[in-house]
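What follows is a set of notes on a single structure, which appears directly below.
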Amino acid sequence: MKLRWTIGLLLLLTACGQSLSLHPPELSDAAFVRLSEELSERPGYFDTDNLISNESSYQHVIPSLRRLTRPGGAYLGVGPDQNFTYIANTRPSLALIVDVRRDNLLQHLYLKELFRRSENRWEYLGLMLGRPPPEDFRPPAGDAAVLCDTVRRWKPDRDFAVATFEDVWKSLLRTFPGLVSRDDRGTLLRIAWPFFEEGLDLKFRSFGRPPRSSYPTFEELLIAEDLDGVQNSYLASDTAYGFVRRLQLENRIVPVVGDLAGPSALRKIGRYLAEHGYTVSGFYTSNVEFYLFNSQTFERFVDNLRSLPVDDRSVLIRSYFSYWRHPHPETVPGFPVTSLLQSLPVFLDRQARNPDRDYLELIFSDFVPIASVR
């Protein structure tokens, strides 16, 4: 009887034109480790620490991103916690953070453990920066500016920071064997400690290149606004933080080691998403394509993108660093970085018909005018 009822329901849904979601409700810790391992490929090198972003304009596209994308899909992105803000605003069911640097995987595992320990964003930022809240602290209402101003006034505590790191380190070794080994301790400490030493004044750093005065601080990134003057950071509201934390607790934000133009990571991701009924909602590529053109691997990246399940609401999120040499129509005065959106199927169609010859042609072609969807 139960079998006949199930078959009947399947036939009814099919007749109504509805598809059954194959999304797993959550991933166990073991499944999380297995998925990350199976999707990853050999790590590579990139000449930045990438602890935080240097893209001061990253929130400019968020209102349009919310309108263009469909919640419940799969989000892909590169780099550090800037992804959490895009995740909070696109509301995917699954997020895969793909980065050529294995350090990025370790950083995301570290942040994952901070989410697990922090019921609210005040606790999270305090743990990250090594600043314990006062014993009588009660989280107030407020945006990211209130959060940063509050936590900045908490006293840095080296013993608290060391205890937090050691606790997280032991938990990572115990919970995610295969992704973390004892040899990773020094690397993870190098990732975690600058947040304690520099706090909200931490800036993006490159190796072998002088820092730019225009790089935003961690605080400036958290309190950044969109073009309507609204803060959209994952730490700007309890709702945004709660959504990202829930995905973390359910193991739905999975770090993957992979080159976007590499031989297997994106293709394996495409197969996994298709097999489990996911469609890509947003894909944050930062300015990776600039480096892919320089290394003459851009065409391989395009081929990899073709393996992803997309629809007419799948969007690429890019960052263009002009430093005012070649200003973009979407460049906002005072910002050396321009954040851009482009329809993923439109991009793939153009590459099939008339491939971009260089990075500037890519950046200046078929972008979504933000004003048109605000």
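The values are calculated or read from the model by the stated rules, or taken from the named source; none is laboratory data. As the structure is a prediction and not an experimental result, all values here were calculated from the model. Cβ: placed from backbone, ideal geometry, glycine included. Neighbour counts: every protein chain shown. Areas reflect the complete protein model, heavy atoms only, side chains present, ligands, DNA and RNA absent. Shrake-Rupley method; radii C 1.70, N 1.55, O 1.52, S 1.80 Å.
Just to check your reading of the model, which residue among R190, R205, R212 is under 30 Å from S28 (Cα atoms) and among the charged types (D, E, K, R)?
Numbers: R205 fails: under 30 Å from S28 (Cα atoms); R212 fails: under 30 Å from S28 (Cα atoms).
One residue alone meets the criteria, R190.
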Next item on the list: Among the residues of the stretch 168-195, count how many are touching a residue at least 40 places away in the same chain (Cβ under 8 Å) and open to solvent by 20 Å² or more (accessible area, probe 1.4 Å).
Entry: 4
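Can you pull out the residues in the stretch 90-131 that are in a helix (DSSP H, G or I) and of a type in the set (A, V, I, L, M, F, W, C)? Before you say what the answer is, go through the steps one by one.
Taking the stretch 90-131 as the starting set, the residues that turn out to be in a helix (DSSP H, G or I) are 90, 102-117, 121-129.
L105, L106, L109, L111, L114, F115, W122, L125, L127, M128, L129 - these are the residues of the stretch 90-131 that are in a helix (DSSP H, G or I) and of a type in the set (A, V, I, L, M, F, W, C).
Based on this model, can you work out whether L235 counts as more than 30 Å from S28 (Cα to Cα) and either buried (at least 21 other Cβ atoms within 10 Å of the Cβ) or in contact with a His (Cβ under 6 Å, 6 or more places away or on another chain) (or both)? Full working, then the answer.
Values: more than 30 Å from S28 (Cα to Cα): no; either buried (at least 21 other Cβ atoms within 10 Å of the Cβ) or in contact with a His (Cβ under 6 Å, 6 or more places away or on another chain) (or both): yes.
The answer is no for L235.
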Check: Which residue pairs have Cβ atoms under 8 Å apart, sit 6 or more places apart or on different chains, and have a first residue in the stretch 294-313 that is closer than 24 Å to L94 by Cβ and a second that is in a loop (DSSP other than H, G, I, E, B) and among the hydrophobic types (A, V, I, L, M, F, W, C)?
Finding: F301/L260; F301/A261; N304/L260; N304/A261
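Does the stretch 206-217 contain any residue that is open to solvent by 10 Å² or more (accessible area, probe 1.4 Å), under 20 Å from the mean Cα position of the chain (by Cα) and of a type in the set (A, V, I, L, M, F, W, C)?
Applying the first criterion (open to solvent by 10 Å² or more (accessible area, probe 1.4 Å)) to the stretch 206-217 yields 206-215, 217.
Adding the requirement that they be under 20 Å from the mean Cα position of the chain (by Cα) leaves 206, 215, 217.
Filter once more, keeping what is of a type in the set (A, V, I, L, M, F, W, C): none.
Scanning the stretch 206-217 turns up no residue that is open to solvent by 10 Å² or more (accessible area, probe 1.4 Å), under 20 Å from the mean Cα position of the chain (by Cα) and of a type in the set (A, V, I, L, M, F, W, C).
Please verify whether P80 is in a loop (DSSP other than H, G, I, E, B), modelled with pLDDT of 95 or more and closer than 15 Å to V244 by Cβ, treating the condition exactly as stated. Talk me through it step by step, then tell me what you get.
On the way: in a loop (DSSP other than H, G, I, E, B): yes; modelled with pLDDT of 95 or more: no; closer than 15 Å to V244 by Cβ: yes.
In short, no.
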Item checked: the stretch 132-161, subset open to solvent by less than 30 Å² (accessible area, probe 1.4 Å) and in a loop (DSSP other than H, G, I, E, B), residue nearest to F196 (Cα to Cα) -> W154
